[in-house]
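What follows is a short report on a single structure.
The values are calculated or read from the model by the stated rules, or taken from the named source; none is laboratory data. Since this is a predicted model, take the numbers as computed values, not measurements. In this analysis, Cβ positions are derived from the backbone assuming ideal geometry, glycine residues included, and neighbour counts consider all displayed protein chains. The accessibility values were calculated without ligands, DNA or RNA, using every heavy atom of the protein model including side chains. Shrake-Rupley method; radii C 1.70, N 1.55, O 1.52, S 1.80 Å.
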Amino acid sequence: MNTVTLANDSMTFPSSGTTTTSSVNKTDVDIHSVVEELKRAKQAVGKPFLDNPKFKTRDVNVYYNQTKQAIFNASLDIGRNEVIAMIGPSGCGKSTYLRCLNRMNDTIPGTKVTGDLLLDGEDIYAKDQDPVLLRARVGMVFQKPNPFPKSIYDNVAYGPRLHGLAVNRSELDDIVEQSLTKAGLFNEVKDRLNSPGTGLSGGQQQRLCIARAIAVSPEVILMDEPTSALDPIATATIEELIDELRSSFTICIVTHSMQQAARISQRTAYFHLGYVVEVNDTNTVFTNPGHRLTENYITGRFG
Amino acid sequence: MNTLPLLLVLLVLALFSFFLGRKRSLAVSKGNRGNYRAPNKLHSLPSYYGYSAMIYAVLPALIVLLLWSAISPVLIAKNVAASLPAEIHNAGATQVELTMNRVESMAHAGKIDPTADPIQQAAAQHYLSLAKNSQNIKTALVLLIALGGLYLGWKMISPQFRARNQVENVVKGLMILAASVAIVTTLGIILSVLFESIRFFQVVPVSEFLFGTHWSPQTAIRADQTGGSGSFGAVPLFAGTLLISVIALAIAVPLGLMAAIYLSEYAQPKVRAIAKPTLEILAGIPTVVYGFFAALTVAPFIRQLGEAIGLSVASESALAAGLVMGIMLIPFMSSLSDDVINAVPQSLRDGSYGMGATRSETIKQVIIPAALPGIVGAFLLAASRAIGETMVVVMAAGLSANLTANPLEAVTTVTVQIVTLLTGDQEFDSPKTLAAFALGLTLFVLTLILNIIALRIVRKYREQYD
Ligand SMILES: Nc1ncnc2c1ncn2[C@@H]1O[C@H](COP(=O)(O)OP(=O)(O)O)[C@@H](O)[C@H]1O
Ligand SMILES: [Mg+2]
């Protein structure tokens, strides 16, 4: 298959107009040669693989509309109880990769995923795997807070009710209270659990969505730029929360902000044009990147 | 000049004054258009000065023209009637009216019938000369005002003149006028219906109309006739309307809603591209065709079916009318609901799927609640249509005002009775005719209440969920 032309059709190099800084290698601006190089690399630099990972993904390819390829041979592991940050220019496939991990891509007609994706050694794309149950194990928090048009209580109780996690009302009450507490929201909303979730502030709404996700006790929480719609104070609150949640969950977070990735993650994966370029300890990635493209990105040369 | 050529002249004048105004604005600003600080910088764009000159020239002239055209025929007719010889006046008001009808028709035709009554001929002559005078004065006045307005508008143009604000004000005025036409018409209809109803209620007590259970509006037309006693208890009509509407909605709401959910949530794009327009074709079929279908196909079918299982079914039944009306309302319900379901943001669906909900759980617990205000709105609109629908019921449900809850019997509805009361020879002020207005008023009040409830519900949910 002619991957190069496909990539060319589907990917746009981020802000190629502004990357004329002298230190950027001329060839980095030429998508053809970058893609050729990434294709030859076969494997990300750094330490993409772990012993006994939570998620093991190998040679993952994702196609939209049957033909347009968005992820190329992505192979990396995600460790237990770690926060892994996925960074990279817009359109490089971070969200697409993330959405493979709970099969949210299934909800987009015409999407095809190939390769191995194992959760605790179990193939999540196996024929007998129920994506609905998988999504209870691998929860998700989205870019824009999206509480349901229901009360705060009903928002958090949504998942437990779906999956029958509580046998009676008092158990449900407990789950709701615990989830809201874990999400650091309980004290703010305990007097108005029955008022609509959509009436909260943006930051509170996002924490409500986190509470909603953890109410079904997932093993992994995927977060796709969870703070990009929030102000700095709400962002700081959520970052603290993510750090606390790490003890109970594995967290994969896509972020725009390199400072955020540096602050909250233990490992970082750098994506470029649909390829995983580099995966390593966050410290190493930001202080001593192993790939020229990663370095260009974190030093701000790609914007 | 006649009104039409005069209007044409005004139109030409309008164009002319636009260009004149525009030109003058450029002249007074001495071409200082772009320079912000120039002392004679125009306040507005040149075309606004053009529009402003146009408004000055045409608007007052147009108003005078319209007023004159509306009032002068009335005044002329009055004058001519007053000048009729005393013998006609002595013969009574009807005679005057009759003569004036003849005179006016001769005058409007423009030629005087030489075989007509000489008095009428003379009056028509008089009428024509008055009309001619009026026409001339009108032409002169309108042209004078238009030219005067143009001069004034032209004089006014200076760099400081705020043409833009003036034009905006006039445009706003036109908008208000347009809005008030609709409101005034509605008010007029309501008032006329109200007054006729009051006349009806002077003959038939309100309580009998609202709570009487017997409807038989046949009254004697003349004193020497023997006719029905005429009883005006409207309860059977409202019961019939309710029965048919309930049947129709019981079909249209679930089917329409499910069709909408299928189309927006389950259907492949290809299926949707074909199914949605097809469904909308149903909405384009004239109701009389549905009525035909109901009377000739559905009603006999129901009758046979009923007989086969030993039920007696009237050849015209509420069930037939309700069924067909329900089918008629499906596209209405489905396309409105489809719109509101599609308007539910994708992020809510993602949120629900992300929690491990299936498609149907997502629809039941997230999408429908989020779309509920719109769905309720669609339901109430469908209900209003069901209540107001006439044609299907005339053809399929019959005319007999039975007070029954049995859908297999013939019933009649409010709208059908209005039609039958107003068609046919009747004196306009007989209770039978006036009853139609009372029915119309009651129907209007009912739909109004329905709409108010709809608005309330929609607003309540909006407040909660936005
Ligand atoms: N639903 C979709 N249909 C088709 N193409 C898509 C869709 N979603 C994303 N893409 C394409 O896939 C590529 C990767 O997108 P995405 O994963 O959203 O990037 P990121 O999250 O890194 O900004 C982009 O080129 C984007 O245009
Ligand atoms: Mg993204």
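Of everything in the range A:211-226, what is more than 12 Å from chain B (Cβ to nearest Cβ) and under 16 Å from B:SER347 (Cβ atoms)? Give them in sequence order.
A:GLU225, A:PRO226
Take the range A:177-206 and flag every residue that is under 21 Å from B:GLY356 (Cβ atoms) and within 14 Å of another protein chain (Cβ to nearest Cβ).
Once the filter is applied, which keeps residues that are under 21 Å from B:GLY356 (Cβ atoms) and within 14 Å of another protein chain (Cβ to nearest Cβ), the range A:177-206 yields A:SER179, A:GLY197, A:GLN205, A:GLN206.
Taking helices (runs of 4 or more DSSP H) that do not extend beyond the range B:362-466, which have at least 2 residues that are open to solvent by 30 Å² or more (accessible area, probe 1.4 Å) and more than 23 Å from B:ALA318 (Cβ to Cβ)?
Values: elements: B:368-388, B:391-396, B:414-422, B:431-465.
Helices (runs of 4 or more DSSP H) meeting the threshold: B:368-388, B:431-465.
Please give the number of the condition B:LEU296 fails out of (1) touching a residue at least 24 places away in the same chain (Cβ under 8 Å); (2) among the aliphatic types (A, V, I, L, M); (3) not in a loop (DSSP other than H, G, I, E, B).
Only one criterion is unmet by B:LEU296, namely (1).
Any idea how many residues of the range A:74-94 are away from ligand 1 (no atom under 15 Å from the Cβ) and either open to solvent by 70 Å² or more (accessible area, probe 1.4 Å) or in contact with an Asp or Glu (Cβ under 8 Å, 6 or more places away or on another chain) (or both)?
Number satisfying all stated conditions: 3.
Of the conditions (1) more than 26 Å from A:ALA262 (Cβ to Cβ); (2) more than 15 Å from ligand 2 (Cβ to nearest atom), A:GLU82 clears all except one; give me its number.
In the conditions (1) more than 26 Å from A:ALA262 (Cβ to Cβ); (2) more than 15 Å from ligand 2 (Cβ to nearest atom), A:GLU82 misses (1) alone.
Which helices (runs of 4 or more DSSP H) sit wholly inside the range A:169-224 and have at least 1 residues that are open to solvent by 30 Å² or more (accessible area, probe 1.4 Å) and hydrophobic (A, V, I, L, M, F, W, C)? Walk me through how you get there before you give the answer.
On the way: elements: A:169-182, A:186-189, A:202-214.
Fully inside the range A:169-224 and qualifying: A:169-182, A:186-189.
Listed here are the residues, each with its yes/no results for (1) open to solvent by less than 50 Å² (accessible area, probe 1.4 Å); (2) within 24 Å of B:GLY388 (Cβ to Cβ); (3) touching a Pro at 6+ places or on another chain (Cβ under 7 Å).
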position: B:ILE244; (1), (2), (3): yes, yes, no
position: B:PRO254; (1), (2), (3): no, yes, no
position: B:ALA260; (1), (2), (3): yes, yes, no
position: B:ILE274; (1), (2), (3): no, no, no
position: B:ILE327; (1), (2), (3): no, yes, no
position: B:ASP338; (1), (2), (3): yes, yes, no
position: B:ILE341; (1), (2), (3): yes, no, no
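For the condition part of a helix (DSSP H, G or I) and either surrounded by 12 or more Cβ atoms within 10 Å (Cβ to Cβ) or β-branched (Val, Ile, Thr) (or both), what is the one hit in B:LEU42, B:LEU59, B:LEU67?
Numbers: B:LEU42 fails: part of a helix (DSSP H, G or I); B:LEU67 fails: either surrounded by 12 or more Cβ atoms within 10 Å (Cβ to Cβ) or β-branched (Val, Ile, Thr) (or both).
Among B:LEU42, B:LEU59, B:LEU67, only B:LEU59 is part of a helix (DSSP H, G or I) and either surrounded by 12 or more Cβ atoms within 10 Å (Cβ to Cβ) or β-branched (Val, Ile, Thr) (or both).
Cβ-Cβ distance below 7 Å, separation of 6 or more or different chains: which pairs start in the range B:338-359 with a residue that is within 7 Å of chain A (Cβ to nearest Cβ) and on the phi > 0 side of the Ramachandran plot and end on one that is of a type outside the set (A, V, I, L, M) and open to solvent by 20 Å² or more (accessible area, probe 1.4 Å)?
B:GLY356/A:HIS163
Could you list, in sequence order, the residues of the range A:92-130 that are assigned to a helix (DSSP H, G or I) and among the β-branched types (Val, Ile, Thr)?
Looking only at the range A:92-130, we keep the residues that are assigned to a helix (DSSP H, G or I), and these are A:94-100, A:104-107.
Those that are assigned to a helix (DSSP H, G or I) and among the β-branched types (Val, Ile, Thr): A:THR96, A:THR107.
Could you figure out which of (1) part of a strand (DSSP E or B); (2) within 16 Å of ligand 2 (Cβ to nearest atom) isn't true of A:VAL277?
Evaluating A:VAL277 over (1) part of a strand (DSSP E or B); (2) within 16 Å of ligand 2 (Cβ to nearest atom) leaves (2) as the failure.
Can you tell me which residue within the range B:227-242, out of those that are touching a helix residue (DSSP H, G or I) at 6+ places or on another chain (Cβ under 8 Å) and open to solvent by 30 Å² or more (accessible area, probe 1.4 Å), is nearest to B:THR413 (Cα to Cα)?
B:PHE238
Suppose we filter B:LYS138, B:LYS132, B:LYS155, B:LYS111 for residues that are in the same structural domain as B:TYR48 (by TED's automatic domain parsing) and more than 30 Å from B:LEU59 (Cβ to Cβ); which single one remains?
Numbers: B:LYS138 fails: more than 30 Å from B:LEU59 (Cβ to Cβ); B:LYS132 fails: more than 30 Å from B:LEU59 (Cβ to Cβ); B:LYS155 fails: more than 30 Å from B:LEU59 (Cβ to Cβ).
The match here is B:LYS111.
In the range A:95-113, how many residues are open to solvent by 10 Å² or more (accessible area, probe 1.4 Å) and within 16 Å of ligand 2 (Cβ to nearest atom)? Steps first, please.
To start, the set of residues in the range A:95-113 that are open to solvent by 10 Å² or more (accessible area, probe 1.4 Å) comprises A:95-96, A:99, A:103, A:106-113.
Next cut, within 16 Å of ligand 2 (Cβ to nearest atom) only: A:95-96, A:99, A:107-108, A:111.
So the count comes out to 6.
With (1) away from chain B (no Cβ under 12 Å); (2) within 16 Å of ligand 1 (Cβ to nearest atom); (3) touching a residue at least 60 places away in the same chain (Cβ under 8 Å) as the list, and A:LEU119 as the residue in question, which single condition is left unmet?
(2)
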